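Asks: A single structure is presented below for examination.
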Amino acid sequence: MTQPIVAPGLEGIIAGSTRLSRVNGLAGELIIAGYPLEAIAANATFEETAYLLWNDRLPNAAELAELQASLASLRALPRATLDLLRAVAAEKVAPMDALRMAAGTLSLGGIEGAENEAAALVARFPTVVAAYWRLLNRSEPVEPDPALGHAANYLYMLNGQIPSPAQARGVETYLNTVVDHGFNASTFTARVIISTASDLVSAITGAVGALKGPLHGGAPGPALDMVFEIGSADRAEGYLRAKLERGERLMGFGHRVYKVRDPRAAVLSAAAEKMFQADGDRQLYDLARAVEEQAVALLAEYKPGRNLQTNVEFYTALLLHGLGLETALFTPTFAIGRVAGWTAHCLEQKAEGRLIRPGSDYHGGLGRLWVAVDERGN
Ligand code: COA
């Protein structure tokens, strides 16, 4: 009998198959349902991308209009969700925790069936994040505007102002870029939960919890802080070297799968450059490019052979900052994009109907003898 493979972190293990996205870590290539990311990111509306993931094809004009109307009708939050957000804001809970708490309530309001739950989750995530952000900052939530698309609505509900087409396009490009990425930790979490024949809302709530961690979706805030702390290109080397000497990780670099530059970094870098050029704050963009160059060079020096390259989080930070979003909103905004991918994976896993249940390698003791509690000493 061949010895079973033990793979800590499931590294290198193919845990299932999917039609939703293909991540080629050596070529630095990401395919979204048959399309290269570059074709989708800056061209599709988020509604088109969600439709593509759910249906494995792009919608025609009538199908797109139907989806837009359906999301618009689902966008408002159930009363209980808003009440919860108000109570949670009083405790100044972090937005990702508030999203996790609210996610569990999103099956309310007469939503039944996995497809309808998927649409409701996608429609309502931006409403939850925007409403909570306003409550946290002592202002009242802004009702969604049925005349605006998904991405524009998010910015509108956050700021109470209709965004410019360039801003709406910026956030839309971001949401498309992070919509799906193979069996990443949060997607896999969702698939594990739904594979037990649990419901979609439970699966998505678990995924939010997985995304929150700094090794997954929580890195863009610290990545931006790092660029600000560095402040000018001539300070980059000293700052980054000191961090690496202390054994710290550089946020926004390294990836379990990509051993070349993350293709999403390229798409987001281009979107950020466009935006910063338009509003004149080119300096920050140039500083970030200089930090990136220095960080990649130093990572090669300190961690030779590891191929640590720029990941999606680095330019996420820059783009979202350019859109006026505060760092606390970065990971929740990631979730607003990824929830479409999570729901599509859940529907795929549900159709497959196979429980995910890996084995484990026991390394504890053997043959221990039972001793009654009063005979155990201390
Ligand atoms: N900065 C410095 N060193 C890093 C690093 C980084 N960003 N990423 C990995 N390394 C080092 C590790 O310290 C380790 O070195 P060692 O072998 O000398 O101990 C080696 O590279 C391998 O790291 P490992 O943790 O095994 O790789 P992984 O595949 O588990 O890590 C990440 C992937 C994303 C968790 C990791 O690269 C990381 O922590 N990056 C920073 C956080 C981040 O940007 N997250 C967003 C991901 S999209």
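The values are calculated or read from the model by the stated rules, or taken from the named source; none is laboratory data. Not measured: the values here are computed from a predicted model. Please note: Cβ atoms are built from the backbone with ideal geometry, for glycine as well, and neighbour counts cover all protein chains shown. Just the protein is used for accessible areas: all its heavy atoms, side chains included, with ligands, DNA and RNA removed. Shrake-Rupley method; radii C 1.70, N 1.55, O 1.52, S 1.80 Å.
Asks: Express in nm, to one decimal, how much length is gained between residue 91 and residue 307 on full extension, taking 0.36 nm for each residue of separation and deducting their alpha carbon distance.
Replies: On the way: separation 216, 0.36 × 216 = 77.76 nm, distance 4.24 nm.
Contour length minus the Cα-Cα distance gives 73.5 nm.
Asks: On the accessible surface of the chain, probed at 1.4 Å, how many percent belong to carbon and sulfur atoms? Display every interim value, and only then the final one.
Replies: Values: 9620 of 18250 Å².
Carbon plus sulfur share of accessible area: 53 percent.
Asks: For the stretch 220-322, divide the Cα radius of gyration by the Kirkwood radius and give the resulting Rg/Rh value with two decimals. Walk me through the numbers on the way to the answer.
Replies: Working: Rg = 12.9 Å, Rh = 13.6 Å.
Value, to two decimals: 0.95.
Asks: So, R0 is 45 Å and r is the distance between the beta-carbons of residue 197 and residue 73; what FRET efficiency does that work out to, to 0.05? List each step's numbers first, then the result.
Replies: Values: r = 28 Å, r/R0 = 0.63.
It comes to 0.95.
Asks: Relative contact order of the stretch 220-322, please, whole-number percent, based on alpha carbon pairs below 8 angstrom and at least 6 residues apart. Walk me through the numbers before you get to the answer.
Replies: Numbers: 120 pairs, mean separation 48.3, N = 103.
The value is 47 percent.
Asks: Using 1/(1 + (r/R0)^6) with R0 = 56 angstrom and r between the beta carbons of residue 143 and residue 363, what's the FRET efficiency to the nearest 0.05?
Replies: Values: r = 55 Å, r/R0 = 0.99.
My answer for the efficiency is 0.50.
Asks: What figure, in Å² to the nearest 10, do you get for the accessible area of residue 326 with a 1.4 Å probe and non-protein molecules left out?
Replies: 110
Asks: Hey, another quick one. Beta carbons within 10 angstrom, averaged per residue: use that to sort the peptides 74-82, 128-136, highest first. Before the final figure, lay out the partial values.
Replies: Values: 74-82: 18.6, 128-136: 23.4.
Peptide ranking by packing, descending: 128-136, 74-82.
Asks: Taking only DSSP H segments of four or more residues, each worth -39500 (n - 2.57), what value at 222 nm results for the chain once the sum is divided by all its residues, to the nearest 500 deg cm²/dmol? Intermediate results must be reported in sequence, preceding the final value.
Replies: On the way: 16 runs with 213 residues, N = 378.
After summing the helix terms and dividing by the residues of the chain, the value is -18000 deg cm²/dmol.
Asks: Going by average Cβ density within 10 Å per residue, which order do the peptides 102-114, 141-153 take, highest to lowest? Please list the in-between numbers first.
Replies: Details: 102-114: 16.9, 141-153: 19.2.
Listed from highest to lowest mean packing, they are 141-153, 102-114.
Asks: At 0.36 nm per residue, and after removing the present C-alpha to C-alpha distance, how many nm does the segment from residue 215 to residue 61 gain when stretched out fully? Kindly include the intermediate steps, with their values, before the conclusion.
Replies: Numbers: separation 154, 0.36 × 154 = 55.44 nm, distance 3.94 nm.
Gain in length upon complete extension: 51.5 nm.
Asks: What order do 20, 58 take when sorted by accessible area (1.4 Å probe), most exposed first?
Replies: Details: 20 0, 58 70 Å².
If we order 20, 58 from most to least accessible, we get 58, 20.
Asks: Hey, what did the chain get for relative contact order, percent, Cα under 8 Å, at least 6 apart? Numbers along the way, then the final one.
Replies: Working: 538 pairs, mean separation 86.7, N = 378.
Answer for the chain is 23 percent.
Asks: To continue, here is another question. In terms of solvent-accessible area of protein heavy atoms at a 1.4 angstrom probe, what is the ranking of 35, 51, highest value first? Please report the intermediate quantities before stating the final value.
Replies: Working: 35 80, 51 30 Å².
Ranked from most to least accessible, the order is 35, 51.
Asks: Taking 4 °C and 1.567 mPa s as the conditions, I'd like the Stokes-Einstein D for the stretch 62-159 in µm²/s, using the Kirkwood hydrodynamic radius from alpha carbon pairs. Intermediate values should be presented prior to the final figure.
Replies: Working: Rh = 13.5 Å.
It comes out at roughly 96 µm²/s.
Asks: Now, a different point. Please identify the DSSP H helices in the chain that span no less than 24 Å along the helix axis (Cα) and have a mean Kyte-Doolittle hydropathy of 1.6 or more.
Replies: Passing helices, by number: none.
Asks: If I model a spin label at residue 355 and residue 115 as a point 7 Å from the Cα along the Cα→Cβ vector, what separation in nanometres do I get?
Replies: Those two pseudo-labels are separated by 2.9 nm.
Asks: Here's another thing I want to ask about it. Just read off the accessible area of residue 246 with the full protein assembly in place, 1.4 Å probe, to the nearest 10 Å².
Replies: Solvent-accessible area, nearest 10 Å²: 150 Å².
Asks: Excluding residues on the same chain fewer than 8 positions from residue 274, give the lysines whose Cα lies under 30 Å from its Cα.
Replies: Partners within reach: 212, 259.
Asks: Return the Rg/Rh ratio of the chain with Cα-based radii and a Kirkwood Rh.
Replies: Values: Rg = 22.0 Å, Rh = 21.9 Å.
A ratio of 1.00.
Asks: Further question: Work out how much length residue 235 to residue 286 would gain on full extension: take 0.36 nm times their residue separation and subtract the Cα-Cα distance, in nm to one decimal. Present the calculation step by step, with values, prior to reporting the outcome.
Replies: Values: separation 51, 0.36 × 51 = 18.36 nm, distance 1.37 nm.
My answer for the length gained is 17.0 nm.
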